[in-house]
Amino acid sequence: NTYETTVKRIRELCRQRNITPNGLSYLSGVPQSTIKSILNGESRNPGIVTIKKICDGFNINLVEFFNTPEFIDLEQEIR
């Protein structure tokens, strides 16, 4: 689903850039508690503003965040 794909993408970007969730919080300005809630499944619907801030922390735009085979496949499932 969309939530699981989002969490997977955040974890993947953290791994690729060698950034911890706490580091992502610092870089993005998103509170550590929010990052933790998203990654642990407590916040299953992060808003687009939060995702945009996370993208800023990774120094990517929203298109780069969502332009993966997993999101593209998901889009076709939703139709």
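Nearest 10 degrees is fine. How inclined is helix 2-17 to the longest principal axis of the chain, computing both from alpha carbons?
Its long axis makes an angle of about 50 degrees.
Note down the magnitude of the dipole of the range 16-79 about its Cα centre, charges +1 on Lys and Arg C-beta and -1 on Asp and Glu C-beta and zero elsewhere, to the nearest 20 debye.
With Lys and Arg at +1 and Asp and Glu at -1, about 280 debye.
So, for the chain, what is the accessible surface per residue at a probe of 1.4 Å, expressed in square angstrom?
Values: 5150 Å² over 79 residues.
The answer is 65 Å² per residue.
Mean 1/r over all different Cα pairs, inverted: what Kirkwood radius does the range 17-79 give, in Å?
So the Kirkwood estimate lands at 12.5 Å.
Within a Cβ distance under 14 Å of residue 52, other residues only, what is the Lys/Arg minus Asp/Glu net charge?
Neighbour charge sum, excluding residue 52 itself: 0.
For the Cα atoms of the chain, what angle does the longest principal axis make with the long axis of helix 48-58, in degrees from 0 to 90, nearest 10?
For 48-58 against the chain, the angle is about 60 degrees.
Would you work out what percent of the accessible area of the chain, with all protein chains in place, is carbon or sulfur (probe 1.4 Å)?
That share works out to 49 percent.
The values are calculated or read from the model by the stated rules, or taken from the named source; none is laboratory data. No experiment lies behind these values; they were computed from the predicted model shown. Every residue, glycine among them, receives a Cβ derived from its backbone with ideal geometry; neighbour counts consider all protein chains shown. We work out accessible area using only protein heavy atoms, side chains counted, and drop any ligands, DNA or RNA first. Shrake-Rupley method; radii C 1.70, N 1.55, O 1.52, S 1.80 Å.
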